[in-house]
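Student: Below you will find the structure I want to go over with you.
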Amino acid sequence: MMSSMPPAELTLRDVYAARQRIASVAARTPLAPSPTLSGLAGARVRLKLECVQHTGSFKVRGAANKLSSLSDEERARGVITFSTGNHGRAVAFVARQAGVKAVICLSEMVPANKVEGVRQFGAEVVRHGQSQDEAMARAYELVEERGLTLVHPFDDPQVIAGQGTIGLEILEELPGVDTVLVPLSGGGLIGGVALALKAANPGTRVIGVSMARGAAMYHSLQAGKPVQVAEKETLADSLSGGVGLDNRYTFEMVRRFVDEVILLAEEEIAEGMAFTLEEHRLIVEGAGAVGIAALLRGKVTDLGREVAVVVSGGNVDIAQVLGLVQEYRPTP
Ligand SMILES: *Cc1c(COP(=O)(O)O)cnc(C)c1O
């Protein structure tokens, strides 16, 4: 059974398999040069633009791989997930294309526009509880009651392998990449990307970037085991939430593959978002901007010559970004 597979058995082969399976659903995204960041960092910096991916984030990769790995019987019964935003949207999108019924559990805290973003793709929305944890608990109940298959937002080998296809795409264009910066929350994204990169070259540095406000994986690494961290409001809302006290895959993968984790203040994240709009004319959400912000603030030393930054998503209120640009616009 895939679901009881320890992380050591998740290999580059699984990421290549994912690549084949998701090719018709997830787009290959651009790896765009950033002359200004390159100048600042003293290295050639490129941005992997998952903010222009279908549904506005990379989450469609893992969701597509998970759904395509289901048996006919599982597909007939349908899938379920819990999410506050990008993952729920991606699962709804992929499920509709695959003709699979999807149920998305959202807490009462999830704002109306995000609920609409999920309903837009025809998924059944179940509103439950006042927190992500309560929505998660309801999802697990519905797995039992209705025989649905859970599509975990990060702690699932198929989801991790799907996200890892970003690593393959980076390697194809930049085989000599020295350092890769990756936004970090539950660790499905960085786990998959690092697996692919380190299989090709164990010397490639993989750096996770989180917000200081509620960095669950960072504190778990410090503690040597998954720990509960209080959720706080942050510009990088897609990075908030826990790693799961019963974490099965991503905690070990992050511990094994990730060389360093950097934490950012809210103001630094805002600068990253403003810079990306001003300089690259791209709307990115806070979570998507953290790698750029880390470079802007010179937080990473020993970058080497070739650097890739995963810009993970763009689902943010446009008025909010425009407001930040007024405040944090880079001075020429
Ligand atoms: C989910 C998400 C992340 C974090 O991914 P994990 O696999 O949970 O570490 C980063 N950025 C965006 C935009 C996301 O939606």
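Student: What are the residues in region 92-125 that are out of contact with any strand residue (DSSP E or B) (no Cβ under 8 Å at 6 or more places or on another chain), of a type in the set (D, E, K, R) and surrounded by 15 or more Cβ atoms within 10 Å (Cβ to Cβ), if any?
Tutor: Answer for region 92-125, where residues must be out of contact with any strand residue (DSSP E or B) (no Cβ under 8 Å at 6 or more places or on another chain), of a type in the set (D, E, K, R) and surrounded by 15 or more Cβ atoms within 10 Å (Cβ to Cβ): there is none.
Student: Would region 62-79 turn up any residue that is near the ligand (Cβ under 10 Å from one of its atoms), open to solvent by less than 20 Å² (accessible area, probe 1.4 Å) and on the phi < 0 side of the Ramachandran plot?
Tutor: Within region 62-79, the first condition is being near the ligand (Cβ under 10 Å from one of its atoms), and the residues that meet it are 62.
Then keep just the ones that are open to solvent by less than 20 Å² (accessible area, probe 1.4 Å); that gives 62.
Then drop every residue that is not on the phi < 0 side of the Ramachandran plot, which leaves 62.
Yes, because at least one residue in region 62-79 is near the ligand (Cβ under 10 Å from one of its atoms), open to solvent by less than 20 Å² (accessible area, probe 1.4 Å) and on the phi < 0 side of the Ramachandran plot.
Every residue, every condition in (1) within 18 Å of the chain's Cα centre (by Cα); (2) within 20 Å of Asn247 (Cβ to Cβ); (3) modelled with pLDDT of 95 or more, yes or no:
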position	(1), (2), (3)
Pro111	no, no, no
Gly117	yes, no, no
Glu141	no, no, yes
Thr165	yes, no, yes
Val180	yes, no, yes
Ala194	yes, yes, yes
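Student: Right, another one. Output the qualifying pairs, or none if there are none: Cβ atoms under 7 angstrom, residues six or more apart or on different chains, first residue in region 314-330 and assigned by TED's automatic domain parsing to the domain that holds Asp237 and at negative phi, second residue surrounded by 15 or more Cβ atoms within 10 Å (Cβ to Cβ) and modelled with pLDDT under 85.
Tutor: Short answer, once both residue conditions are applied: Asn315/Gly85.
Student: Moving on to the next point. Which residues, taken from region 130-162, are open to solvent by 20 Å² or more (accessible area, probe 1.4 Å), more than 16 Å from the ligand (Cβ to nearest atom) and out of contact with any helix residue (DSSP H, G or I) (no Cβ under 6 Å at 6 or more places or on another chain)?
Tutor: Gln130, Ser131, Glu134, Ala137, Arg138, Tyr140, Glu141, Val143, Glu144, Glu145, Arg146
Student: Hey, can you tell me all the residues within region 163-197 that are under 16 Å from Arg13 (Cβ atoms) and open to solvent by 10 Å² or more (accessible area, probe 1.4 Å)?
Tutor: Passing the criteria: Leu171, Leu195.
Student: Which of the residues that make up region 214-243 are within 24 Å of Ala319 (Cβ to Cβ) and free of Cβ contacts under 8 Å to residues at least 12 places away in the same chain?
Tutor: Within region 214-243, none qualify.
The values are calculated or read from the model by the stated rules, or taken from the named source; none is laboratory data. These figures come from a predicted structure and were not determined experimentally. For neighbour counting, all protein chains shown are included, and Cβ atoms are generated from backbone atoms with ideal geometry for every residue, glycine included. When the accessible area is computed, the model is the full protein with side chains, heavy atoms only, and any ligands, DNA or RNA have been set aside. Shrake-Rupley method; radii C 1.70, N 1.55, O 1.52, S 1.80 Å.
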